[in-house]
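A short worksheet on the structure shown next.
The values are calculated or read from the model by the stated rules, or taken from the named source; none is laboratory data. Just so we're clear, the structure is a prediction, and the values are computed from it rather than from any experiment. A quick note on method: Cβ atoms are made from the backbone with ideal geometry, for glycine too, and the neighbour counts reach across all protein chains shown. Protein only, heavy atoms only, side chains kept; ligands, DNA and RNA dropped before computing areas. Shrake-Rupley method; radii C 1.70, N 1.55, O 1.52, S 1.80 Å.
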Amino acid sequence: MRKLASTAILLLAIACAQTPEPAPECLLRNPIIPGFNPDPSVVAVGEDYYIVNSTFHYFPGVPVYHSRDLQNWEQIGNVLDRPSQLPLDDANASLGIYAPTIRYNDGVFYMITTNVSGGGNFMVTATDPAGPWSEPIWLEQQGIDPSLYFEDGKCYMVSNPDATITLCEIDPSTGATLSPGKALWRGTGGRFPEGPHIYRRGGWYYLLISEGGTELAHKLTVARSRKIYGPYEAFPGNPIFTHCSLAGQESNIQGTGHGDMFQAADGSWWMVFLAYRRYGGDFHHLGRETFLAPVTWEKDWPVVNGGKPVAEEMMVPLSAAPTAPEAVSVEYDFSSIGPEWMHIQHPEARNYSVANGILTLKGSGSGFDWGNPRPTALLRRQQSPECTFGTTVSLQGEGEAGIAIYQTHSGHIEFYVSREKGGKPCAEVRIRLHSILHTQASVPLSSAKARLDVKAFGDHYEFLLDGREIARLDSKLISTEIAGGFTGVTVGPYCQKGTALFNGFCYKENK
């Protein structure tokens, strides 16, 4: 008996010594990538983490963000930075590039996505996630939101043709299909089963998908199988995560879904997912953003954030406490154009030039309304509900130029200087809301040069001309609920007609 007791004590001591200490709880601030950054996908490579997001009709497409602490993310490039990779001629704020997936295998990064208005499913590769990335490798299996899974020298692709999550094997070098598509799961009955990802853990294959659409009813559901081709059994407690519930309905964070799980360098599991923040009631204008939550496992099923709703600030287990993200404050002198700047469709290069810190834009005659291709505009995401942005614009001759606050072709605001033939210059604030085009303010100017600043608040914008407020507009007017589309507000200089000089551009968040 003494020998058995001693052996038991020894085994217990060994087990305790091998049990890792739980990570200390640290403050996590969500969203981890604010502003228009929907449909996140993530890959962990050692202690480095990379996230990609949808971009729809914007060029360049698919930003790449990097982090080492899961809290602070830096954009290091864009995957699709050449017109040959990204046909956008027929794209608008509901078309173009849908949900990308990023994966890593044998020293190569893969990004797979759908261009719904320009060719369907394709993938590109790189040895450095900052780029350059290859030309598109086009794929046969369609549906949207394709994902990749690598195992034992094989590459599998999963997507949702005919609203059914379907798996096939492909050749990752050519895109050729190596096996017929096999239907795996149609979800739990929610509409739009999409965003599939496959993982393996402890002898189980897990299939994570989104259901319900990307609005209030958005949710994440999961099924598992011992074999990659199934059959898959649904988790009895689905959905594994949603804010469309009694527990989550009062949260300012809504539309939670479209997630991607990963295992961190310390062995912990996490999920990135999209959600949006509401302002001025049940409205959101910043777009769907990227959030993070911890994942634990109970009876070989994933549990997100302990089964509780997420918050903008919450305590989570992290092996090393991250530094608090700093409020963004940037004075752009346009000595270079960073990766955060985008265009609507492909830019006409001849309409953009930079010299001595001055950005010169030439209008093509195209505004932001539907049917006007390639407007001359340089836009960046509005990433905070409270911020200030502005520029000094000098209009050369006749024309129109200023600051755009763009949501979609059917919902946008322009704050600009204009001068018609034979007329005097003026500054105006104009809003497009579907079939309505309304001028909110018009102020005469002594010259065609003016300082234009916009103060953004959660529920409205204020427009300052040479430091004096001349107008206000409610942000819900360009919210997704009213303006439509799948994007979020972007801001920056534009020129619709004539030629304009912009002396820098400031963007400062008031956190």
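Around C244, under 14 Å between beta carbons, what's the net of Lys plus Arg minus Asp minus Glu among the other residues?
-1
Seen from all sides and averaged, what is the projected area of the convex hull of the Cα atoms in segment 320-437, in nm²?
Convex hull of Cα atoms, orientation-averaged projection: 10.0 nm².
What residue among S329, Q396, P309 has its Cα farthest toward the positive end of the dipole of the chain, where the charges are +1 on Lys, Arg and -1 on Asp, Glu, each on the Cβ?
Checked the options; the winner is P309.
Accessible area per residue, 1.4 Å probe, Å², for segment 466-510: what's the number?
35
Excluding residues fewer than 8 places away in the same chain, name every one of the aspartates and glutamates whose C-alpha is closer than 13 Å to that of K476.
Within reach: D282, D459.
Can you tell me which aspartates and glutamates have their Cα less than 16 Å from the Cα of K497? Leave out same-chain residues fewer than eight positions away.
Cross-link targets: E348, D369, E398, E400, E414, E420, E428.
Taking Cα centroids, how far is segment 46-99 from segment 458-505 in Å?
Spelled out, the Cα-based centre of one part sits 23 Å from the other.
Along segment 314-326, what does the Karplus equation 6.51 cos²θ - 1.76 cosθ + 1.60 (θ = phi - 60°) give for ³J(HN,Hα), rounded to whole Hz, x for Gly and Pro?
These are the phi-based 3J(HN,Hα) values: 8, 8, 9, x, 10, 5, 9, 5, x, 6, 5, x, 8 Hz.
May I ask for the angle, rounded to the nearest 10°, between helix 2-18 and the longest principal axis of the chain, with both axes built from Cα atoms and the value confined to 0 to 90°?
10
Could you give the semi-axes, largest first, of the ellipsoid that matches segment 13-115, computed as the square roots of 5 times the alpha carbon gyration tensor eigenvalues and rounded to whole Å?
34, 16, 11
Greater than 18 Å separation of Cα atoms is the criterion. Which listed pairs, K182/K219; K362/K508; K362/K449; K182/K227, meet it?
Going by Cα-Cα distance, K182/K219; K362/K508 fall outside the 18 Å limit.
Just from the alpha-carbon atoms, what are the Rg and Dmax of segment 295-337 in angstroms?
Cα only, segment 295-337: 18.2, 56 Å (Rg, Dmax).
Normalised by the number of residues in segment 269-420, what is the relative contact order in percent for Cα pairs under 8 Å and 6+ residues apart?
14
Take the Cα gyration tensor of segment 451-511, multiply each eigenvalue by 5, square-root it, and list the three semi-axes largest first, rounded to whole angstrom.
Equivalent ellipsoid semi-axes, largest first: 22, 17, 12 Å.
Would you report the distance distribution of C-alpha pairs in segment 405-445 as whole percents per 10 angstrom bin, up to the bin with the largest distance?
P(r) over segment 405-445, rounded to whole percents: 30, 45, 24, 1.
Which of the peptides 47-54, 113-120 is most tightly packed, and how do the rest follow, judged by the mean count of other Cβ atoms within 10 Å per residue?
Per-residue mean Cβ counts within 10 Å order the peptides as 47-54, 113-120.
Which whole-Hz ³J(HN,Hα) couplings does segment 442-453 yield from phi under the Karplus relation 6.51 cos²θ - 1.76 cosθ + 1.60, θ = phi - 60°, glycine and proline marked x?
8, 10, x, 10, 7, 8, 8, 10, 7, 9, 10, 10
Taking H placed 1.01 Å from N in the peptide plane, check which residues at least 5 places from R278 or on another chain put their amide H under 5 Å from its amide H.
Q254
Using only Cα atoms, what is the ratio of the radius of gyration of segment 81-221 to 2.2 N^0.38 Å?
Normalised by 2.2 N^0.38 Å, the Cα Rg of segment 81-221 equals 1.04.
How large is ³J(HN,Hα) for each residue in segment 130-147, as worked out from phi by the Karplus curve 6.51 cos²θ - 1.76 cosθ + 1.60 (θ = phi - 60°), to whole Hz, x for Gly and Pro?
These are the phi-based 3J(HN,Hα) values: 6, x, x, 9, 6, 5, x, 9, 7, 10, 7, 5, 9, x, 10, 6, x, 9 Hz.
For the chain, give the percent of accessible area contributed by carbon and sulfur heavy atoms, probe 1.4 Å, rounded to a whole number.
53
How are the alpha carbon pair distances in segment 149-274 distributed across 5 Å bins from zero to the largest one, expressed in percent?
So the P(r) values, bin by bin, are 2, 11, 19, 22, 19, 14, 9, 3, 1, 0.
May I ask you to list the trypsin sites (Lys or Arg not before Pro) in segment 184-273 that are in a DSSP loop and have at most 14 other Cβ atoms within 10 Å of their Cβ?
For trypsin sites (Lys or Arg not before Pro) across segment 184-273 that sit outside H, G, I, E and B with at most 14 neighbouring Cβ atoms in 10 Å, the list reads R191, R226, K227.
Charges on Cβ only, +1 for Lys and Arg, -1 for Asp and Glu, centred on the Cα centroid of segment 109-239; of Q142, T164, I228, which one is farthest towards the dipole's positive end?
Going by the Cα projections, it comes out as I228.
Can you give me the three principal axis dimensions of segment 369-504 from its C-alpha atoms, in Å, biggest first?
Here the spans come out as 40, 33, 25 Å, largest first.
Amide H to amide H under 5 Å from H409: which residues, 5+ apart in sequence or cross-chain, H placed 1.01 Å off N in plane?
Long-range HN contacts for H409: A93.
I'd like to know how segment 209-282 sits against the 2.2 N^0.38 Å rule of thumb: what's its Cα Rg over that expected value?
Against the compact-globule rule of thumb, the ratio is 1.27.
Could you work out the mean projected area of the convex hull around the alpha carbons of segment 252-400, in square nanometres to one decimal?
13.5
Between G77 and residues 5 or more places away or on another chain, which pairs have amide H atoms under 5 Å apart, with H built 1.01 Å from N, and which residues are they?
Residues meeting the amide H criterion: V64.
Report Rg(Cα)/(2.2 N^0.38 Å) for the chain, keeping two decimals.
Cα Rg divided by the expected 2.2 N^0.38 Å: 1.05.
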